[in-house]
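Step one of this worksheet: look at the structure below.
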Amino acid sequence: MDRMISSSTRRRFLRTLAVGAGGCALGSLVIDRQDVMGQSIDGYLEKAPLAARWGIAADTMIYYQISYYKFLLEKEGREKFEERIKKGAFAAGANYKGVAERLGYTGSDAKAAAAMVPAMASCIYGPAQKYETVNASNESANVKCISCAFWNNLRVRKISEDICSTLSQNFWDGFAQAVNPKLTAKLVKSRPFGDPVCEWVVQLKA
């Protein structure tokens, strides 16, 4: 990563932290001082449901990721952007196979991969991420993303450029091939291309 990218993304990241810090400062104004002194930080953390903590962390990561990808696309152009994202996303998908193993996920066929990849994607993008698996067998499975936190964030920020289809295709394929070299995952429907959902076909090659 060159100095320009590093500097720009650092500034964006610091701005995100500043917004979060501002929110914390505002919140402190409406909390009773005695209440604060009487409880530990751990006590306050426990008041936030796990799904809420998960969602806040995922939303922050998504915001940063979109900002970075949009910057790369504008700086490098479509061809170099696609090449960079393809390599990085494929490697990330393969690496997440190790995370899946630590969580106890097992299996090496299409049906297993079609369950594991959405689970990993949901861990990354939070509780708003929803998938539906259809026609699942050992040889083939179709997976539809029926709610996408990344896509929703793009819409809210009015970003029309396609910065997610290459990411999705290669993350899924990298993970599937790490599960089993005979597996492939192909993105057959994509919201950036006008489809109502994103859909992948996971197949076990003969």
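Throughout, read-outs are computed from the coordinates displayed, never taken from laboratory work. Model, not experiment: these values are computed from the prediction. Glycine also receives a Cβ, built like all others from the backbone with ideal geometry; neighbour counts cover every protein chain displayed.
Each Lys or Arg adds one and each Asp or Glu subtracts one; over the other residues with Cβ under 12 Å from the Cβ of Ile159, this totals +1.
Each of Phe90, Gln129, Val188 was scored by the projection of its Cα onto the charge dipole of segment 78-204, and the greatest displacement toward the positive side belongs to Gln129; charges sit on the C-beta of Lys, Arg, Asp and Glu.
How do Met116, Met61 rank when sorted from fewest to most other Cβ atoms within 10 Å of their own Cβ?
The most exposed by this proxy come first: Met61, Met116.
Neighbour counting of Cβ atoms within 10 Å sorts the residues Asp173, Asp109, fewest neighbours leading, into Asp109, Asp173.
Computed on the Cα trace of segment 99-200, the radius of gyration divided by the Kirkwood hydrodynamic radius gives Rg/Rh = 0.96. Within straight-line reach of Lys130, meaning a Cα separation under 23 Å, sit the following lysines at least 8 residues removed in sequence or on another chain: Lys97, Lys111, Lys144, Lys158, Lys186, Lys189. Roughly how many whole Å is it from the C-alpha centroid of segment 84-129 to that of segment 171-206? Value for the Cα centre distance between the two parts: 12 Å. Placing a label point 7 Å from the Cα of Phe193 along the Cα-to-Cβ direction, the residues of segment 148-174 whose backbone N falls under 12 Å from that point are 165-166, 169. The fewest-to-most ranking of Phe150, Phe81 by surrounding Cβ atoms within 10 Å reads Phe81, Phe150. At an R0 of 35 angstrom, the distance between the Cβ atoms of Asn152 and Ala206 translates into a FRET efficiency of 0.35. Using r as the Cβ-Cβ distance of Thr106 and Val134, and R0 as 35 Å, what FRET efficiency do you calculate, to the nearest 0.05? Once rounded, the FRET efficiency stands at 0.95.
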